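Working notes, beginning with the structure itself.
The values are calculated or read from the model by the stated rules, or taken from the named source; none is laboratory data. It should be emphasised that the depicted structure is a prediction, and the values quoted were computed from it without experimental measurement. Here Cβ is always computed from backbone atoms with ideal geometry, including for glycine, and neighbour counts include all displayed protein chains.
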Amino acid sequence: MEDEMVFSQNDPRVIRDAAIKRERVQTWLRERGLDGVIISRRDHFAWITCGGDNHVLKNSDIGVGHLVITPQKCYLVAHSMDALRLFEEQVPGQGYELVSLHWYHGDPRLAARDLIGERWAADTPYEGAVEVNRDLSLLHDPLTELELARCRWLGQQVGDILCEIAQSLRPGQSEEEVARNLHVECIKRGIELDVLIVGSDERIFRYRHPLPTDKKIERYVLLHPAARRWGLHANVSRSVYFGKPPGNVERAYRAAATLEAHLLDRLVPGLSFAEILEWQKSQYAELGFVDEWRHHFQGGPTGYVVVDALRHSTAAKVQVNQAFDWFITITGAKVEELVLLSKRGIEIPSFQAPWPVFEPEGGIPVPDLWVR
């Protein structure tokens with residue numbers, strides 16, 4: 001797929017897919033007996049517009065453009081400093097009516113509220129609204145073919161960047177220097193980072209989220225970008241070791257990678273997320289790490305949400321055309337890839353040569369610890 005076809009909000013496939021999303025929401029509204037919903041969160045905005053972006057402030061989950069979906073009509077509500085830009089560049093051809101307000105009119109959600117009947121919902125807490133953030137997340141799946149293509153592109157890019165960074169790593173570099181280099185490579189490819197972890201040596205054993213510091217790298221490095229483009233995510237964790245890994249590192253990494261490989265091998269439509277978690281617990285115990293599952297989220301669906309790590313507490317089941325982020329962590333090791341379950345079967349678009357391969361018996365090939 002050509003880059004301009006993947007990137008453009010004017011692409012006919014983007015407009016077609018956005019219509020599918022609006023229909024999902026309108027069907028859901030009718031099923032719930034709701035008169036309309038206000039969508040303000042950046043993740044839901046990106047989903048329903050098939051890649052649109054309503055942010056100005058980067059450090060906020062709530063954007064400056066608010067979509068109003070009713071069973072009959074759709075609106076974009078925003079202050080005048082952003083309204084026309086959002087309308088023309090983020091939702092072109094998607095059938096929204098523009099409602100532009102001056103800044104002194106206050107919160108645009110007040111005006112959005114007036115476009116809906118009495119029983120209304122919002123994806124952010126708001127007085128009088130039914131809060132439906134979680135409900136909307138469940139509407140994100142299944143992914144469309146365009147979204148799968150975008151996930152494959154994003155995973156490939158992140159995998160390539162990690163290979164480049166791993167090959168350029170040198171002992172004596174600071175974690176912050178490596179993090180900057182990784183961030184720059186993402187920026188060059190139009191990719192944003194929601195999380196950037198670079199930890200080394202004893203910090204990998206001490207912390208589950210070793211954010212980069214000025215510490216100098218000695219032997220062991222953990223790299224983890226949570227990358228985002230079009231609102232979609234590719235969250236990947238890889239590790240590099242200089243010299244022969246000691247037993248505790250090798251044992252922890254191989255156990256985590258073994259669990260990952262076996263989990264992906266058994267990932268099929270209809271399997272519940274609750275069943276997956278129970279299976280993970282048993283595997284941790286079988287591998288000799290009985291309580292390690294307690295110390296970090298174990299993963300779940302990804303896509304426009306970074307990861308829905310609590311999907312196991314619902315009755316939800318795995319489905320075709322879904323993306324996943326399974327982060328398997330054992331003290332001293334972490335593995336994680338962008339995984340797709342499509343009509344092609346299991347795909348790991350973030351995993352490619354020259355990263356070394358680990359293939360345990362009864363599992364599918366996954367990235368190994370890169371020993372340099």
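Here are some notes:
- When Ala227, Ala256 are checked against the criterion of being in contact with a Ser or Thr (Cβ under 8 Å, 6 or more places away or on another chain) and within 30 Å of Gln319 (Cβ to Cβ), a single residue qualifies: Ala256.
- Where strands (runs of 3 or more DSSP E) fall wholly inside region 62-107, the ranges with 2 or more residues that are assigned by TED's automatic domain parsing to the domain that holds Ile20 and β-branched (Val, Ile, Thr) are 62-69.
- Taking first residues from region 211-228 that are free of Cβ contacts under 8 Å to residues at least 24 places away in the same chain and partners that are in a loop (DSSP other than H, G, I, E, B), no Cβ contact under 6 Å between residues at least 6 apart in sequence or on separate chains turns up.
- Options Arg134, Arg152: the member that is in a helix (DSSP H, G or I) and in contact (Cβ under 8 Å) with a residue 60 or more places away in the chain: Arg152
- Take the conditions (1) free of Cβ contacts under 8 Å to residues at least 12 places away in the same chain; (2) within 28 Å of Glu250 (Cα to Cα); Lys188 misses just one of them, which is (2).
- Per-region count, region 44-63, residues surrounded by fewer than 24 Cβ atoms within 10 Å (Cβ to Cβ), free of Cβ contacts under 8 Å to residues at least 24 places away in the same chain and more than 13 Å from Asp194 (Cβ to Cβ): 1
- The number of residues in region 84-108 being within 27 Å of the chain's Cα centre (by Cα) and buried (at least 19 other Cβ atoms within 10 Å of the Cβ) comes to 6.
- Listed by position, the helices (runs of 4 or more DSSP H) contained in region 186-292 that have at least 3 residues being crowded, with 17+ Cβ neighbours inside 10 Å, under 23 Å from the mean Cα position of the chain (by Cα) and aliphatic (A, V, I, L, M) are 247-265.
- Which listed residue, of Asp135, Asp160, is modelled with pLDDT of 95 or more, farther than 29 Å from Val198 by Cα and among the charged types (D, E, K, R): Asp135
- Listed by first and then second residue, the pairs with beta-carbon distance under 6 Å, at least 6 apart or on different chains, first residue in region 282-310 and closer than 18 Å to Asp325 by Cβ and assigned by TED's automatic domain parsing to the domain that holds Ala149, second of a type in the set (Gly, Ala, Ser) and at pLDDT below 95, are Phe297/Ala309; Gly300/Ala309.
- Residue in region 347-369 that is free of Cβ contacts under 8 Å to residues at least 12 places away in the same chain and within 21 Å of Leu232 (Cβ to Cβ) present: no
- Residue satisfying condition, being over 19 Å from Cys151 (Cα atoms) and at pLDDT 95 or above, within set Asp291, Asp308, Asp325: Asp291
- Residue within region 314-332 that is without any contact (Cβ under 8 Å) to a residue 40 or more places away in the chain and surrounded by fewer than 23 Cβ atoms within 10 Å (Cβ to Cβ) present: no
- Pick from region 1-43, criterion at pLDDT 95 or above and of a type in the set (S, T, N, Q), ranking: surrounded by the most Cβ atoms within 10 Å (Cβ to Cβ): Ser40
- Region 146-167, subset within 12 Å of Val339 (Cα to Cα) and in contact with a strand residue (DSSP E or B) (Cβ under 8 Å, 6 or more places away or on another chain), residue surrounded by the fewest Cβ atoms within 10 Å (Cβ to Cβ): Arg152
- Residue in region 241-249 that is polar (S, T, N, Q) and within 16 Å of Gly299 (Cα to Cα) present: no
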